[in-house]
Amino acid sequence: MSQSKRFAILAERDINKETFVEPWPEAGLIVTDSPYDPKPNLRLDGDSKQVIELDGKQRSDFDALDSFIADHAIDTSVAEQAMAMPSLEYARMLTDINAPARSIRRLIVGCTPAKLCEIVSHMNVLEMMMGLAKMRVRRTPANQAHVTNKREHPALLAADAAEAVLRGFSEVETTVGVARFAPLNALAILVGSQTGQGGVLTQCSVEESLGLRIALKGLTSYAETLSVYGTERSFVDGDDTPWSKAFLAAAYASRGVKIRFTSGAGSEALMGHAEGCSMLYLEARCLMITRGAGSQGVQNGSISCIALPESLPGGVRAVLAENMLASLLGLEVASGNDALASHSAIRKSAKLMLQFIPGTDFIFSGYSAVPRRDNLFGGGNFDVEDYDDYNVLQRDMQIDGGVRPITEAQALDIRRQGAKAIQAVYAELGLPPISDEEVEAAVTGHASEDMPLRDVVSDLSAADAFLSGGQTVLDVVNALQRRGFSATAGNILEMGRQRVIGDYLQPAAIFTTTPIDQPAGGAANSNNKSAPRFHVLSAINDVNDYTGPGSGYRVKGERWQEMQRLPQVKSPRDFLADQTGGASPRLVELGPAEASKYPEVIVAVGPAFGSALNRTINGVEHEKVLEAILTGVAKEGLTARIVKVYQSSDCAYIGYIGSQLSGAGISIGLQSRGTTVIHKRGLARLNNLELFPQSPSLTLEIYEAIGRNAARYAKGEPVKPVPVQVDNWARLRLIVKTALLHRRETDEVRDKPPVEMFFNWEPDV
C-alpha cells in the first residue's frame, strides 16, 4: 500500500489498469529490432532474375512465405537499385516535399521485408505521419463503421446502418454472435445502408467460405477479413497459405466484391509462432504477401491484437509504422483504431491522432456506430457516444475524419426509414415479421436492451432457409419496390450494377453519390426520390497529390462548412440573451461623483452595469447583487455610495477609481459579469485587499460578506478575508460567455467622469 497519497491516487488512474511488460524477443514480445530479425539483402539470378537469396536466406531454405514474396511480391526489375539505395535516404525522401510519392513507390516495391523495417528504423512518429500523409493512395480520407448488436435484431441493425451512412461513413461492417445469423445481419445492414443517399459498401465478417456465399447472393460488396500472417506456422494453424488467400481474393473479385486482407502486429506472438522475430518485421512480410496476392488493400494497425504491442515499448509507434508501410506498397489502408486500445481516454485519443492527423484511406477499420457493449467486434475504441467529441476534433483541427454532424431530427427520420424498410423486406420475403413496436424501439432506442425480444429459433431457421434457398438481392429489390421504398430499392439495384461493372475494384475505391434529381451537395434523397448515380473515387481518379504545404487534400468549401455546423454550436449572441435588457428602474444616475471625506465604502460598478447588462455571468440580477453588498456594509454600521465608472471596463481600474472617491479610501469594484475586488487607496492598481476573480462562483451570500469586509476595512478593523471560491472548470465552461460579456461592457466605455448613482430600495414605491 502506498505511503504517499499522491501515488495512491495515481495507482487508481485508468492508465494503470493496462498491462506493461519488458520485451522478450524469443517469444515475439518485441515490436521492432529483434535480435532474431534478419538483415536486409537480396540476390537475383543473373539470367532469370529469379530471387535466389532473400534477407539472409538461400532459396533452398525458403519457407512458403519467402517463396511467395520472392516470386510474387518483389518487382525484380528495380530490386537491385532499390536494395542498393541507403535506407536513410528512403526515410528522408518520405519527409521531403520535393520527393514525389511515385518516385518513392517505384523503388519500394523492389525492397525486401527487412529493408522496409530498416527504413522505418530511421523515422520518428512525426516523420512517419508525414510519410503517411504523402503515401496514402487515395487523396480523400474516409471512414468505416461497425454496426452490430448483441441480440442481432434486424430493425436495430438497419436503423444503426442508416444513421451511420447519414453520419458520413463510406463503409459499414457487421458480424455475428451466432454464425447462422450472418445472411440476415448482412441483409439488415444492406437495406439500412442504402436508405437515404446509398452508395455505401457493406460486409459481414464471418468465416471466409460463408462470407463468399453471402457475397454471391449480392448481400455484401466488400470483404476484409482474409487474414494473413508473418510466419508459415501461423498460416498452417489458420488452415491457409499465401496461395489460398490469393485464390480466395480472386474468387471475391471475380464476383465484383472489393477485397482487403487483414494483418497486424502481434497476431503471430498471440498464436505462439513469432519465431523470435519482431512484430514489425512479421507485419512487413504480411504486407508483401498482401501486395503479391493482388489485394486492393489491407486492414492493419494491430486490429484485435492492439493491447499486445501497446504493452511493449514503442508499440504505438510500431502500429503507425505498419500503416505507413502498407501505404508505401500502394495498398489501401484501413488503419485500425477499431478494437479497444486503452482504458485511458488520453491514451486512446493520442493513438488515434497518429492516423487522424495525416489521414488514411479509412481512419477506423470500424468506428463503433453502436454502443460499445453492443459491438461484437470487441468493444470499439471510439463508439456512438463519442460522436460529438469526434466531430469537435474535426472542427478543432480542420481535419476531415470522414464523419459529419447531424441533428436529432435527422437521425430519427433516417432511422425510421431504415427500420421500416427492413420491416417491409421481412414481410415480403416471408421472414419472421418485425412489428411496429420493434420499429419504434429501433428508432428511439440506444442499445439492444431497448429492443423487444424476438423468437431467436424462428429467426435462425429463416436465416438457414434464406442462405440455402434461391432468394438473392434482386428479391430484396423487388420487395422494397412493391412496398413503396423505391429509392432504397434503386440504391441496392445500383450497387448490384456497380458490382457487374467492377469499377470499384480499383485500389482504395469508395463511392460518392449525386442524386439524379438533386444537385451535388443536396439533401439525402428520401424514399420518393429517384436513385442517385454512384461515382467511384479511388487511387486511380483521386490520386493523393500531397507534396507539402498547399497540396493534397484540404478541407474547404461545403465540406468545411458542414464540419462546422455542429448541433450544439450557438450564435455568440445567444450567450448574451439572458444577460441583457433595459436599464434598471431602481438604479438612476444623479450626476458627477465627488470625492468624500466621510468613512464610507464606494461600490464602483462597470459602465454596462444595470443598463446594457443586468445580470452576472451566473444569472444573478444586478439589483440583487447591490442589495446584498449594501446590506453587508450596513450591517457593519457604515453607509455606501454607488458610482458608475465609464472610463474603463477593467475590474482593477473600476475598484481603483472607486477608492479615490471614498472618504475611507475603500471601494468595491464590480464588473457587470460579477467579478469583484476590494481596493484600498494607495495600493497599485493591480494590487488589492481582496480579489474574487471567479464570478460564476459568487453567490448573494458571498456578495454580502464582501460588503461586510469592505466596511471593516473602512473602519480600520482586523479582517478575515472572504474565502475565495475556486472552480477549475469555470474558465473552460464559460470563457466564451466571459469574453462576450466583457466585450459588451467595453462597448459602453466612454470618456466620461464617474457618475453618482441612486439605488431605490423600494422599487414599488
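Key figures for this structure:
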read-out	value
Helix 473-482 axis, angle to the chain major axis (alpha carbon atoms, nearest 10°)	50
Positive-end extreme of charge dipole, the chain - chosen from Ala441, Met563, His742 (charges on Cβ)	His742
The chain: relative contact order as a whole-number percent, Cα under 8 Å and 6+ apart	13
Centroid-to-centroid separation of the stretch 310-352 and the stretch 1-71 [C-alpha atoms, Å]	15
Residue among Ala91, Pro40, Ile119 farthest towards the positive dipole end of the stretch 17-133, charges placed on Cβ	Ala91
Cα-based shape type of the stretch 17-133, given that a ≥ b ≥ c are square roots of the gyration tensor eigenvalues and the cut on a/c is 1.5	oblate
Largest-first principal axis extents, alpha carbons of the stretch 236-333, Å	43, 28, 19
Check: the chain dipole with +1 on Lys, Arg Cβ and -1 on Asp, Glu Cβ, in debye	2120
Shape of the stretch 408-510, Cα gyration tensor, a/c cut at 1.5	oblate
Relative contact order (%) - the stretch 376-457, alpha-carbon pairs under 8 angstrom, separation at least six	18
Most positive-pole-ward Cα, Gly658, Leu630, Ala612, against dipole of the stretch 560-689 from beta carbon charges	Gly658
Separation between Cα centres of the stretch 222-283 and the stretch 414-436, rounded to whole Å	37
Value of relative contact order over the stretch 302-346, rounded to a whole percent, pairs C-alpha under 8 Å and six or more apart	49
Rule-of-thumb Rg ratio for the stretch 269-385 [Cα; 2.2 N^0.38 Å; N residues]	1.04
Charge sum, other residues only, whose C-beta stays under 10 Å from Thr580's C-beta, Lys/Arg counted +1 and Asp/Glu -1	+2
q = 0.12, 0.14, 0.19, 0.20 Å⁻¹, the stretch 576-759: log10 I(q)/I(0) [Debye, one scatterer per Cα]	-0.48, -0.67, -1.29, -1.45
Global form of the chain, assessed from the alpha-carbon gyration tensor, a/c cut-off 1.5	prolate
More than 13 Å apart - percent of Cα-Cα pairs taken over the stretch 27-93	69
Under-5 Å amide H pairs with Gly663, H placed in peptide plane, nonlocal only	Ser596, Tyr598, Glu600
Hydrodynamic radius of the stretch 273-322 per Kirkwood, over alpha carbon pairs, in Å	11.6
Across Lys150/Lys351; Lys420/Lys570; Lys115/Lys245; Lys635/Lys737; Lys134/Lys351; Lys624/Lys720, pairs whose alpha-carbon gap is larger than 29 Å	Lys420/Lys570; Lys635/Lys737
Estimated vicinal HN-Hα couplings, Hz - the stretch 376-386 in sequence order (Karplus 6.51, -1.76, 1.60; Gly, Pro = x)	7, 7, x, x, x, 5, 10, 9, 4, 7, 9
Cross-link partners of Lys17 among lysines (Cα-Cα below 16 Å; sequence separation of 8 or more within a chain)	Lys348
Mean ellipticity per residue at 222 nm, deg cm²/dmol - from DSSP H runs of n ≥ 4 across the chain, formula -39500 (n - 2.57)	-12000 deg cm²/dmol
Under-5 Å amide H pairs with Leu226, H placed in peptide plane, nonlocal only	Thr262
Antiparallel content of DSSP bridges confined to the chain, in %, to 5	50
Using a Förster distance of 35 Å, the FRET efficiency for Tyr36-His535 (Cβ separation, nearest 0.05)	0.15
Cα centre as origin, Lys/Arg/Asp/Glu Cβ charges: the stretch 10-118 dipole, Debye	480
Glu756 paired with Asn618, simple spin-label distance in nm, labels 7 Å along Cα-to-beta-carbon	3.4
Tilt relative to the chain, helix 486-501 - C-alpha long axis, 0 to 90 degrees, to 10	40
Helix axis angle, 154-166 relative to the chain longest principal axis, alpha carbon, degrees	70
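Laboratory data are not the source of any read-out in this text; all were calculated from the coordinates shown. The shown structure was predicted, so the numbers you read here are calculated from the model rather than taken from an experiment. Note that we place each Cβ from the backbone using ideal geometry, even for glycine, and neighbour counts take in every protein chain shown.
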